[in-house]
Amino acid sequence: MNVWDYLESLKSRWRLVALVALACILAVAIWTWQSPRTYTASATLLFDLQQSDPVAGGKGGGGDKSAASVLGTQADIIRSGVVAQRVAQQLGYDRDPDLIQRYRESGEQRIGLREWIGRRLVAPLEVVTTRSTNVLSLNYQNADPEKAAQLATAFAQAYVQTQLQLRIDPARVYSQWFQSQINEARDRLEQAQRRLSSFQQARGLVGAGRFDIEQAQLSELSQQMTTAQAEAAQARARANTSAGSSSSAQQSAVVQGLDTQIAAKSGELQQLRQSLGPNHPMVVAAQAQIAELRARRGQAVGTVVDAVRTDSAAASAREANLRGLVAAQRERVLRLASAQDEMAVLQRDVDSSRAAYDAVTARLNEVRLQSEIPQTNVSILDRATAPTLPSSPNVPLRLLLGIVGGVFAGVMLALFLEWRRPRVRTIDGFERATGLPVLADLSRGSVHVGFAGKEASA
């Protein structure tokens, strides 16, 4: 048989093909009708991977590879037992008597009730990630559409809470650790400050800039001593000069007044001697007055000389006193200078302890804020709603497969029957079966006449 014979056989057996196809479609319809329906509810989560840390100010993850890795990790967390157990607790499944009884009959008491329930809750969950967005879809399948929507939303909420807890719990642990560290840092700072204070009190370095103050005092005393030395030298020079020619005595107003009176009286005495003679009473009286004036001048000069000597002694004493003060101040400055290095070491200890204390305090405040942060960079974009159509079984797909399969089964059955019991349906088939040429075909409304392998049509 050739292809045209099989095609003619299919045409003649089209009722059989249609009957088989209808039978298959009916079987698929009955199978679909009896199949349990499964509904799929979807909730979506949005991840802001570029969100900055509100506490530390850092940036989130960047490129596509990083985003895919982050979303893949979060998908694994959503499917983890921790999230499933939180869902079981929030929905009260761990208090359901039927589930508790099934748990006892399961013989799996080696694991906890919530873990046992969580393993069964997470099985129908599907987390779908996409490469071009930062959105995760949580698809949950269940025979009850309301329950499917409830579980999908519950998994989304439980994941957000778990993500927040995963961020807060380490911060709280670090907060406690930093609290212990800040106590130790405070103790070290206080000890360093006590050592520095004790050293300053022992060395007389109490007060800010004490060394500079002592240096300024030394400089001032040195200047005073220099001035005192000059004054003492001048006083000694005046004191060492003879009393009569002392410049201090010559500069005295009393001595100068007496010298003037003596000069005037001497002039009068000379005139009296020339006019009255040397033995005249007036001459004698003038001589007595001059002698009295000279005596008074000698007393005045002596007084001035004594004053000069007293000033010289006072200046020498002041010089000696200032020299002692300068020596003592210089020794004090030298002691302070030698103590400056030790104090600098102690001051560096205080500064380093204070810097460590400030750093630990700043980090403690940061982790405390992180432990109290109200949300993370993930939020629920869409909550699941109860679906109206089942996701399984897929009725259009099953009907299409039933039609295609029925037609294919009918065709195969017709071809099989034609192969088992072939019939002559075409001229070529008749000639091949009998080996005789066909002279005429009267079944088509036209006459075909053939002779010696040639055919004519009328």
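The values are calculated or read from the model by the stated rules, or taken from the named source; none is laboratory data. Not measured: the values here are computed from a predicted model. Methodologically, a virtual Cβ is constructed for each residue, glycine included, from the backbone with ideal geometry; neighbour enumeration extends over all protein chains shown. These area figures cover heavy atoms from the full protein model, side chains too; ligands, DNA and RNA do not enter into them. Shrake-Rupley method; radii C 1.70, N 1.55, O 1.52, S 1.80 Å.
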Taking segment 181-207 and keeping only residues that are surrounded by fewer than 16 Cβ atoms within 10 Å (Cβ to Cβ), modelled with pLDDT under 80 and either in a helix (DSSP H, G or I) or among the charged types (D, E, K, R) (or both), one is left with Q201, A202
**Message:** Scan segment 106-121 and tell me whether some residue there is closer than 23 Å to R37 by Cβ and not small (G, A, S).
**Reply:** yes
Of the residues in segment 106-133, those that are out of contact with any Lys or Arg (no Cβ under 7 Å at 6 or more places or on another chain), of a type outside the set (G, A, S), within 27 Å of V70 (Cα to Cα) and buried (at least 19 other Cβ atoms within 10 Å of the Cβ) come to L121
Notebook entry, point to check: Would a scan of segment 376-395 turn up a residue that is of a type in the set (D, E), at pLDDT 80 or above and part of a helix (DSSP H, G or I)?
Noted result: no
Considering segment 327-347, residues that are modelled with pLDDT of 75 or more and charged (D, E, K, R), and then whichever is nearest to Q223 (Cα to Cα), we arrive at R330
Among residues of segment 379-411 being open to solvent by less than 90 Å² (accessible area, probe 1.4 Å) and among the polar types (S, T, N, Q), the residue nearest to the chain's Cα centre (by Cα) is S379
Those residues of segment 331-355 that are open to solvent by less than 40 Å² (accessible area, probe 1.4 Å) and under 30 Å from Q176 (Cβ atoms) come to a total of 2
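Residues checked against (1) more than 30 Å from A171 (Cβ to Cβ); (2) at pLDDT below 80; (3) part of a helix (DSSP H, G or I); (4) of a type outside the set (V, I, T):
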| site | (1), (2), (3), (4) |
| --- | --- |
| R297 | yes, yes, yes, yes |
| T303 | yes, yes, yes, no |
| V308 | yes, yes, yes, no |
| E319 | yes, yes, yes, yes |
| D349 | yes, no, yes, yes |
| A362 | no, no, yes, yes |
| L369 | no, yes, yes, yes |
Checking A328, A362 in turn, the sole residue that is small (G, A, S) and loosely packed, with under 12 Cβ neighbours inside 10 Å turns out to be A362
